[in-house]
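Down below is the structure, laid out as structure tokens.
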Amino acid sequence: MLDDSKIEATGLSPVEPGYRHVLRVRALVFWLPLLIAASVADLVLLLATPFYGLPSIVVAFLSATAIFVVPSRRYQRLGYALHPTLLQVVRGWLFHADTIVPLVRVQHIDVTRGPLDKMFGTANLVVHTAGTHNSIVVLPGLAPDRASEIRDEIRRHIRSDFE
Amino acid sequence: MNEAAATLGPPERLHPIALLSSLAASARGMWGLFAAGGYFAIQGHWFLLLVTFGVYTVASLGSALIRWLKFSFRVGQREVRIDSGLFSRTHRSLPFDRIQDVTIEQNPLWRVLGLARVRFETGSSAGAGEDDGALAAITLQRAGEIRDLVRASRGLAPAATAAEAEAEEVAVFAMDLRRVLLAGVFNFSLAVLGALVGFTQTIGGPLGFDPFDMDFWAGLVAPGTPIGDFVMNNRATLYSAGAFVLLMVGLATGLLRTLLRDYGFRLDRTAIGLRRRRGLFTVTDVVLPGRRTQAAVIASGPVRSHYGWSELKLQSLAKEDGGKGAHVVAPLADDAEIAGVLGAISWQPPAAPQWQRVSLAYVWALAIGLSPLLLIIAGQALLFWYAAALLPNPVSGEIDGRFNTMVIVSGLILFALLATIALRWLAWRRYAYAFDGERLLVRSGWWQRRLKILPMRNIQSVDYLQSFIDRWFGTANLAFGVAGGGLTGHGIRALPSETARQVREQLLSRFR
């Protein structure tokens, strides 16, 4: 396993450690019903066949990976940097994406918090640009104060562009 | 409020003929009434029938009349105000600054009467595809005046009279009938077959007629029947006749569609941008502000490009009706004409750029992505072939035919997948990018050839994307956010990751 400083080595700031739990609970909410469904299917449909137990084992393996391995990997690879004129958001483990938005190109900004975010003390910064591809850039897992701080910083740029 | 009212002109009404179009709209909702009428007629309640139709006619006439009476618009120096509605009044204000596009449309009746439908498009309509404001029927002259006002307020052209505005238009590109028909040939399409399938699925069933059902043909051409014997004896002729019919259907579809859409195509340069008029029955007249153009695409295909033809589309902040977004400003033009159109919005045609090729991972990534499917299909074909061979003889005679069909179908799918990969390789040989001054050029595709011209200042965001497959090859994809709809997928694929980072730096340097 890699340690948390992986993202810092690339000159980016990590997000709140609490975000790992957000990811984990989200994975749990997604995979638990599937796991139950697979077990039920096993008992009801496959009892007398040689495939008995196969769906449960496969889904259990997948959900264990999704709940215990994937969140920390994704967390370690999530980082951002607020350059003087650019916002950089780096994320993704299997599908790595490194997005740069020039601050003068930002149309408007939201700070959103879902129930899970409130539980673990995180917030999402949502940046809208005029582009059709990638017109919404989300930076999740920020501390709420930090999110507002970045928002105010970006807003200054939007204003200065209008003047 | 008073101040604002003072700068607005007097309220104007739509031409009374607009009543007709709103009546036509309510007639479309009359099917329930017809059903009820039919029921009354059968039951012999003639009086009820008369009352129903009478009430409905009066009600729809009345509501159309009230709608017409309560609809008015006022044109000011800086905005158009549209007031409508009886109980829930709507006062819509369309500031000229926010109007991106003024479209003047004429259907055949409108043309006879010298009327036009005027639509104002503002940026906010981009997603919904709804008109922000439309004037259903006003005189063509008034429509032209309003458009000139909107244009003039842009600050580019002084408030020119309609005559002057006409005079300063310069013809940029036009297509004669021959060119339109030629474009139709290149728009070869078998879409009508798809429509036919859908039609017989819904209508053909009750009629007992479904040409896309095997049994329909099996019964018709069964050995022993006259048609069956004829088919067996003239197989080769019939196959070629079928292919010929398909060819003709495809050609006719393409010709008809293109003729309807592009008849009388002409493009003029005006003070504000490009003005496009086209259409056989429904003539559309669109002005594309030059400043709002975000990117350009020169599209072609192997055959078209062999004869030196291509199509020019512009991606603009102003959206095309129908939500397709990209505005076709030259459906079929040679290089010189395309250069002329680009020149008309002060864009240079690409000079002699230094093309940079991309990694062969462009092909491999697709092949790897398709490989699970390839394996499954190949395995399936083998399995059926093997199973057919294993079966004991008496049974196999019966089932063999079906197994053979499965093997053939699997083989065809396999061939299609391999052809996709082969096409991707051909596309890779053409795929390249280049910096052309302040612009990025990306050339792609073999069958669908595209040359995208993207001024760097129009880039809204840059994504550096790398999936685990790309990582094996050490490549990455760049994707750019560009405003305005229509041309998706701005980006460069399969760059070596180091190059990708350098290109990104170069694109973003203007923002540093």
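Contact order for chain A, expressed relative to its length and based on alpha carbon pairs under 8 Å spaced 6+ residues apart, stands at 22 percent. Against chain A, whose longest principal axis comes from its Cα atoms, helix A:144-162 is set at around 40 degrees. In this structure the amide hydrogen of A:His83, modeled in the peptide plane, comes within under 5 Å of the amide hydrogens of A:Gln88, none closer than 5 places in sequence on its chain.
Rounded to whole numbers, the Karplus 3J(HN,Hα) couplings from phi for region B:102-111 are 10, 10, 10, 10, 9, 8, x, 4, 4, 5 Hz, using 6.51 cos²θ - 1.76 cosθ + 1.60 with θ = phi - 60°, and x at Gly and Pro. Between amide H atoms placed 1.01 Å from N, distances below 5 Å from B:Ala295 occur with B:Gln315, all of them 5 or more places distant or on a separate chain.
Loop-located trypsin sites (Lys or Arg not before Pro) in region B:257-309 (DSSP state other than H, G, I, E, B) with a sparse environment of at most 16 neighbouring Cβ atoms within 10 Å are absent. Would you mind classifying region B:253-359 by shape? Square roots of the alpha carbon gyration tensor eigenvalues, ordered a ≥ b ≥ c; an a/c under 1.5 is rounded, otherwise it is prolate if a/b is larger than b/c and oblate if not. Oblate, because a/c is 1.5 or more while a/b does not exceed b/c. Here the peptides B:500-511, B:357-368 are ranked by packing, the mean other Cβ count within 10 Å, and the order with the highest first is B:357-368, B:500-511.
The Cα atoms of region B:49-122 give a gyration tensor whose axes a ≥ b ≥ c have a/c of 1.5 or more with a/b no greater than b/c, which makes the shape oblate. By definition, a body whose alpha carbon gyration tensor gives a ≥ b ≥ c is oblate when a/c is 1.5 or more and a/b is not larger than b/c, and region A:79-162 fits this oblate description. Using the Cβ atoms and a cut-off under 11 Å, what net charge is assigned to the surroundings of A:Ala66, where Lys and Arg are +1 and Asp and Glu are -1? With Lys, Arg at +1 and Asp, Glu at -1, the net is +4.
Going from the fewest other Cβ atoms within 10 Å to the most, the residues B:Thr90, B:Thr282 appear in the order B:Thr90, B:Thr282.
Applying the Karplus relation 6.51 cos²θ - 1.76 cosθ + 1.60 with θ = phi - 60° to region B:59-71 yields 3J(HN,Hα) values of 5, 6, 4, x, 5, 5, 5, 4, 4, 5, 5, 8, 9 Hz, where x marks Gly and Pro. Counting, for every residue in B:503-511, the Cβ atoms of other protein chains within 10 Å of its Cβ and taking the mean gives 3. Karplus-based coupling profile of region B:328-343, in residue order and whole Hz: 7, 10, 7, x, 8, 8, 8, 4, 5, 5, 5, 4, x, 5, 4, x, with θ = phi - 60° in 6.51 cos²θ - 1.76 cosθ + 1.60 and x standing for Gly or Pro. Scanning residues 5 or more positions from B:Leu332 or on other chains, none has an amide H under 5 Å from its amide H, with H placed 1.01 Å from N in the peptide plane. When only Cα pairs below 8 angstrom with a gap of at least 6 residues are kept, region A:79-162 shows a relative contact order of 24 percent. Exposure proxy shown here: for B:His306, A:His108, the number of other Cβ atoms within 10 Å sets the order, fewest to most, as B:His306, A:His108. Treating the angle as unsigned and between 0 and 90°, give the value, to the nearest 10°, between the Cα long axis of helix A:54-64 and the longest Cα principal axis of chain A. The answer is roughly 30 degrees.
Read-outs: derived from the displayed coordinates by stated rules, not from any lab. Just so you know, these numbers come straight off a predicted model, no measurement behind them. Note that we place each Cβ from the backbone using ideal geometry, even for glycine, and neighbour counts take in every protein chain shown.
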